[in-house]
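Working notes for the structure below.
The values are calculated or read from the model by the stated rules, or taken from the named source; none is laboratory data. From a predicted model like this one, the values you see are computed outputs, not experimental measurements. When we count neighbours, we look across all protein chains shown, and the Cβ atoms used for this are built from the backbone with ideal geometry, even at glycine. Surface accessibility is based on the protein's heavy atoms, side chains included, excluding ligands, DNA and RNA. Shrake-Rupley method; radii C 1.70, N 1.55, O 1.52, S 1.80 Å.
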Amino acid sequence: VRVRGEQLQRELAERIRLQDVDQARALAEVTSRTKSEFLSQASHELRTPLNAVLGFSQLLASDPKRPLDELQQMRVQHIDDAARHLLVLIEDMMLLSRVESNTLTVQSLPVQAGPLLRRCVELAQPAAEAAGVALRIGMTPDEGRTLPQVQADPIRLEQVLHNLISNAIKYNRRGGWVTVRAEAAPRGFLIEVADNGLGMTVDQRSQLFQPFNRLGRVDQPGTGIGLVICKQLVERMGGRILVDSESGQGSRFTLELPAAG
Ligand code: ADP
């Protein structure tokens, strides 16, 4: 009787433990979904007045009947910059919350990397020219004609590449370069965004994927969330991001993704 009693006690304890785990999991899911819904609602509520701020600041800056003096122009420009920054921040926070709460669908499709990379580079060309940075593309072998397809979500992959390329341009110097390369690798597919810009110290490198951490580079516009989102998106696509960087010498971000099929 004693042995049977102990056995029942153990079984009961195990059942309670499992119930607790299930309940904790369900609670975490609800909390995460609630957080995501709250952020979605809040971002919607914030966007409306922000668009009014942007609209009126543009109206002030471009009203030919009431031209602004230099100081006023500068102040209106500050309002415009701050409102734009907030809009980007809201979008990024929304996206991060959706990725973290698993409410963002990430597709898994065979994608031709060549055209996608060329489009990303073309889109970033004006920013590169404005920053005085040479932006090049390279695909091995034979300019990417025989590259295998990559298994990814094309829209999210384009978003990740856009972020990496614009960072490589932003955290660079006039006369610097950025190279985007793709190649087939034994374990999948590699896409590399390399630059000879500011680079990072070992300490900065260790903080790279912390949300809102700008590594002290506040002279450039940004929110410090882009790379956190990139990492999550790439991992959701079954890949990973590797970073190699040296302070003052430049950085290399490598995406390792599965090849299609
Ligand atoms: P943001 O660019 O909006 O600040 P990110 O998450 O994309 O946010 O990047 C975080 C920080 O990492 C940047 O603020 C910058 O200091 C650093 N960083 C990112 N990419 C590079 C790069 N290619 N070279 C040097 N520093 C970089």
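How do His85, His162 stack up against each other in accessible area, from largest to smallest, with a 1.4 angstrom probe?
His162, His85
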Taking 8 Å as the Cα distance limit and 6 or more residues as the minimum spacing, I'd like the relative contact order of segment 1-97 as a percentage.
33 percent
Return the carbon/sulfur percentage of the accessible area of the chain, one whole number, probe 1.4 Å, all protein chains in place.
56 percent
If R0 = 22 Å, then Glu122 and Val88, at their Cβ-Cβ distance, give a FRET efficiency to the nearest 0.05 of 0.50
The answer for segment 131-261, accessible area per residue at 1.4 Å probe in Å², is 47 Å²
Answer rounded, prolate or oblate for segment 69-194, using the Cα gyration tensor with square roots of eigenvalues a ≥ b ≥ c: rounded when a/c is under 1.5, else prolate when a/b is larger than b/c, else oblate.
oblate
For segment 153-202, run through the GluC sites (Glu not before Pro) and keep only the ones in DSSP coil with at most 16 other Cβ atoms within 10 Å of their Cβ.
none
So if I average 1/r over every pair of distinct C-alpha atoms in the chain and take the inverse, what Kirkwood radius in Å does that give?
21.6 Å
So the FRET efficiency between Arg47 and Glu11, C-beta based with R0 = 35 Å and rounded to 0.05, is 0.05
Residue-normalised accessible area of segment 1-68, given per residue in Å² at a 1.4 Å probe:
86 Å²
Segment 39-109: trypsin sites (Lys or Arg not before Pro) in DSSP loop, at most 15 other beta carbons within 10 Å:
Lys65
Segment 190-261 and segment 1-76 have their Cα centres apart by a whole-number Å value of 24 Å
Inter-label distance for Lys35 and Ile79, nm, one decimal - labels placed 7 Å from Cα along Cα-to-Cβ
3.6 nm
In segment 178-261, which trypsin sites (Lys or Arg not before Pro) fall in coil by DSSP and have 16 or fewer other Cβ atoms within 10 Å?
Arg187, Arg214, Arg217
Rough spin-label spacing in nm, given labels placed 7 Å along Cα→Cβ, for Arg25 and Asp69
6.8 nm
Can you spot the aspartates and glutamates whose alpha carbon is less than 12 Å from Lys231's alpha carbon? Ignore those fewer than 8 places along the same chain.
Glu100, Glu256
Rg to Rh quotient for segment 10-116, alpha carbon positions, Kirkwood Rh
1.29
Label-point gap, in nm, between Gln149 and Ser108 - each point 7 angstrom along Cα→Cβ
1.5 nm
So between Glu129 and Asp219, what do we pick up on full extension, going 0.36 nm a residue minus the alpha carbon distance?
30.5 nm
